[in-house]
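Student: Below is the structure I would like to discuss, written out as structure tokens.
Bear in mind that the values in this text are calculations on the coordinates, not laboratory data. Note that the structure is predicted; figures quoted are calculated from it, not measured. Neighbour counts run over all protein chains shown; Cβ positions are idealised from the backbone, glycine included.
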Amino acid sequence: MAQPADTAVEVHGGRAVPSGQQVSVWVTLQLPPAHADLLQLAGELWGPGPRLLASASKTYMAQPQPLLLRLSRQLLLGPLYWSGLMSDTNNS
């Protein structure tokens, strides 16, 4: 499970978006190639003009599982994955 780190939020203009105003939301996910346990999620809210209304970013660092837990899980669930009874993909 990923643990959230510091969140940086910048609101440009200092006011809420009026009701009915059209906005664009941009979300980016950055995965550094050198760090498999680190990711950063950034979002921007753009109004008409284009004008940046708000931006936020959050960095997540995944906590590695202990070696014994990881090996025992692979040993117990391995046959289910190999036989096709379980899948490691998320089908939500």
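Student: Run the paramagnetic zone check for LEU38: 7 angstrom along Cα to Cβ, then residues of the range 50-70 with backbone nitrogen under 17 Å.
Tutor: What the label zone holds, given the 17 Å backbone N cut-off, is 57-64.
Student: Report the label-to-label distance for ALA56 and ARG73 in nanometres (one decimal), using points 7 Å from each Cα along the Cα→Cβ vector.
Tutor: Taking the simple label geometry, ALA56 and ARG73 are separated by 2.8 nm.
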